[in-house]
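Asks: One structure is given below, represented as structure tokens, and several questions about it will come after.
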Amino acid sequence: MATPVARGVVFIHSAPKALCPHLEWAVGRSIGRAVNFAWQDQGVLHGSRRTEFVWDGPAGTGAAIATAIRGWEHLRFEVTEDPTARSVGGRWMHTPDLGIHFSQMDASGSIVVPEERVRAALEQRDPLEMRRELDIALGTAWDDELEVFRTAGDHAPVVWLHQVG
């Protein structure tokens, strides 16, 4: 049976300028073809760049991309992989301070927390500890740190929706 084709997006939220060609090479190697990103200045962090890149490839490519680019310092990124009929989706987030976080995603892009993670959080007697466990499972700290980089940049691409409604 053939491996299903997956699709996703690489969001480089901030990368030092010198790292940009290396990231293109690493992502290209992960998806099996050369890529050229449309880099823009990252307004939140002087001297850094940002980009978004839509990819397609065999299911599991999102993990390969995240693995290929996670080792560099001063890099903030997200990689998403949409689910297919035979594979779960995923979201990898990385920050210099927190490292990498993985979450499963459903077809609507919502994070799916496995039953055992929920049960482990529910076993906590202290409500604050339960909240902490659920925040870890959801990647709240990563979302909080990346949010300012997601919305930054006066030159962020805008997608106009036509014939909506």
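Asks: Which trypsin sites (Lys or Arg not before Pro) in the stretch 95-129 sit in a loop by DSSP (not H, G, I, E or B) and have at most 15 other Cβ atoms within 10 Å of their own Cβ? List each step's numbers first, then the result.
Replies: Working: sites: Arg117, Arg119, Arg125; in loops: Arg125.
Counting only loop positions with at most 15 other Cβ atoms within 10 Å, the trypsin sites (Lys or Arg not before Pro) in the stretch 95-129 are Arg125.
Asks: So for each of 94-102, 32-40 I average, over its residues, the number of other beta carbons within 10 Å; can you give me the resulting order with the highest mean first?
Replies: Order by mean packing, descending: 94-102, 32-40.
Asks: Under a GNM of the chain (C-alpha, springs under 10 Å), which listed residue has the highest mean-square fluctuation: Met130, Met93, Met105?
Replies: Met130
Asks: Mind sorting Ser14, Ser110, Ser87 by how few other Cβ atoms lie within 10 Å of their own Cβ, fewest first?
Replies: Placing the least packed residue first, the sequence is Ser110, Ser87, Ser14.
Asks: Can you tell me the order of 4-10, 63-69 when each peptide is scored by its average per-residue count of other Cβ atoms within 10 angstrom, highest first?
Replies: Descending mean neighbour count gives 63-69, 4-10.
Asks: Can you work out ³J(HN,Hα) from phi for every residue in the stretch 125-135, in order, using Karplus 6.51 cos²θ - 1.76 cosθ + 1.60 and θ = phi - 60°, giving whole Hz and x for Gly and Pro?
Replies: 7, 8, x, 5, 5, 4, 4, 4, 4, 5, 4
Asks: A further question follows. When a/c reaches 1.5 or more, the comparison of a/b and b/c decides; with that in mind, is the stretch 17-165 rounded, prolate or oblate per its Cα gyration tensor?
Replies: Since a/c reaches 1.5 and a/b is larger than b/c, the shape of the stretch 17-165 is classed as prolate.
Coordinate-derived values only; no laboratory data. This is a predicted model, so every value here is computed, not measured. Glycine gets a Cβ as well: all are built from the backbone with ideal geometry, and neighbour counts include every protein chain shown.
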